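A quick write-up on the structure given underneath.
Bear in mind these aren't lab numbers, they're just calculated from the coordinates by the rules spelled out. Values in this document were obtained by computation on a predicted structure and should not be read as measured data. Note that each Cβ is placed from the backbone with ideal geometry, even for glycine, and that neighbours are counted across all protein chains shown.
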Amino acid sequence: MSALLTAGLLAAFAASPVSAFWRLPCKTPIVVERADPIVNPGKVSGHVHTIMGGNAFDFTMDDNTTLTSTCSSCTVTGDNSNYWTPTLWFQHQNGSFESVNQVGGATVYYLQRKGDGETLKAFPPGFRMLAGDPFKRSGGDDFASQAISYNCLDYSGAAKPETGMFPNYNCPDGLRAQVFFPSCWNGKDLDSSDHKSHVSYPATSYNSGLCPPDFPVHLVSIFYEIIWDTGKFADQWYGDSQPFVWSMGDPTGYGSHGDFAMGWDPDLLQRAVDTCTNDSGRVEDCPEFKLIPDTQAEGCRIEPKIDEPVSGVLSALPGCNPVQKGPGAATPQSDCGATTTIGAGNATFFTDLTSKGWSYTGCGTDNYYSRILTGATESNDQMTNEACVAFCDSKGFSVAGTEYSKECYCGNSIPSSGMPVAGVVGSCEMKCSGDDSEFCGGSGVISLYQKCTGSACTNTGAGGSSSSGSSELISSGSSAPASSASASAATSASVVAAASSAPAAAQASSASASTTTPAGGAAASSSSTILAVQPTTLATVTSSGAAASQNVVQPVSPASSVIEQSSSLILTTTLAT
């Protein structure tokens with residue numbers, strides 16, 4: 001699209017009386033699994049979803065559950081809503097399925113699009129709804145069909161029109177899946193049996209206009225964007241049709257859908273609807289909002305409760321989801337042997353070293369230029385959490401941290417700049433180079449362990465507070481005898497991990513050679529590329545082994561830039577209609 005045309009559309013959009021909106025960044029999924037408390041409460045869902053928002057998300061949620069979240073992967077304080085959609089897969093020619101990386105999390109648009117004479121309302125507490133139909137396999141001209149769309153991102157080529165189905169051509173910079181929700185409410189029911197009948201699209205358009213008489217309450221409109229890194233598979237297409245499929249076995253794209261569970265402070269949302277009338281779309285331009293730091297939102301996680309792989313290359317889609325091409329509606333399947341068991345969801349991203357006198361403190365934030373632990377350090381291809389703890393113990397330090405799969409840092413205190421955030425699991429999800437059943441920090445994040453003693457020596461489930469009391473820390477500088485450290489290194493610790501559910505992007509390659517970072521914290525290479533912390537489900541660590549061996553924090557692959565670039569595109573597509 002030409003710059004002149006884009007500018008013209010933006011000007012027209014800005015002049016529109018319905019132009020006020022803000023984009024809510026949801027930085028990463030909190031979990032990816034077969035869960036859907038709206039459609040399948042208390043049960044394993046039929047297909048995999050990627051879920052963003054508050055960490056109170058669970059298989060069963062009442063009207064107030066979202067409000068009990070201690071963190072959110074979305075960046076406005078006061079919004080603990082949950083937003084979820086199916087996941088995308090590439091079907092190989094041999095019939096196997098490979099998960100497609102999600103670029104970041106999602107962008108949720110909040111649009112103030114009331115009709116003439118209407119008053120725009122916030123979602124009521126406990127409200128929930130569904131847009132789209134997972135069993136749909138053919139298009140239509142109705143508003144519900146128009147509300148499902150795709151944008152093929154190609155920043156170096158000519159702009160392509162949006163489609164209602166998967167485009168049958170490669171999208172070099174990713175495929176953006178888009179879901180526009182109904183915005184007219186009957187004013188009575190917080191939900192309905194089909195999760196749709198209590199709401200409606202406006203009378204004359206799916207995305208704006210007056211509400212129909214039976215649905216007189218005009219709610220703020222919400223619209224999801226999720227970008228999938230489909231360009232990675234450009235050289236693997238085969239046959240005469242596109243190769244992507246949604247997690248419910250939909251190869252057409254018509255079955256895309258989204259779920260929303262209200263978790264806002266209702267007064268805050270109403271004030272924002274009333275007063276945040278800037279047409280920039282920038283969430284920062286709404287004075288009602290206090291923003292959550294990106295790194296904190298990126299670290300909001302919950303542990304999967306279903307013991308099954310949901311990423312990588314699989315022989316079949318998780319659940320009972322054979323590919324059904326249509327054009328008739330797909331038929332729900334069962335009795336394929338897929339698990340229906342919901343587990344306890346035990347912590348998965350730390351190693352239990354309490355028997356060695358060390359407790360997990362949480363996932364902290366580190367800085368390449370200014371390390372939070374500035375004592376002894378080592379880096380090797382045999383790194384594990386117990387090996388790092390043993391190394392730091394032998395050097396007389398009381399704090400140990402693993403980072404970037406193979407690095408170990410020691411110190412005697414954790415500065416506030418790197419302290420784990422209370423209630424936040426964090427993004428320490430990179431496999432240890434010496435044991436892929438353990439997790440050793442990540443890119444710009446560090447798995448922290450502290451020396452402890454006595455019955456209070458307990459692990460922290462999420463940053464900031466122990467799950468059963470604060471650890472009794474041994475005073476700074478004290479150390480166990482060297483023999484004790486050797487025993488720690490030689491003895492395998494009990495690892496609490498669920499490798500099958502860890503994001504595939506966290507599996508960074510490790511180097512064949514190792515280097516030692518000076519105690520001051522800076523790596524030896526002065527020409528290293530530095531990246532702000534961005535631990536997303538897209539593989540942020542794309543280094544070769546040689547690069548990793550230099551302790552270089554690698555940049556995100558070019559595809560990850562589409563989140564920021566796409567923010568303006570929406571103004572020239574869906575919102576300009």
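Just a few scattered comments:
- Ratio Rg/Rh, restricted to the stretch 255-303 and using Cα atoms, in which Rh is the Kirkwood radius: 1.04
- Across the stretch 17-344, counting alpha-carbon atoms alone, Rg and Dmax equal 19.0, 57 Å.
- Placing +1 on the Cβ of every Lys and Arg and -1 on the Cβ of every Asp and Glu, with no other charges, gives the stretch 17-344 a dipole of roughly 180 debye about its Cα centre.
- Burial ordering of Tyr169, Tyr109, fewest other beta-carbon atoms within 10 Å first: Tyr169, Tyr109
- Square roots of 5 times each gyration tensor eigenvalue, C-alpha, the stretch 176-295, largest first, Å: 32, 22, 13
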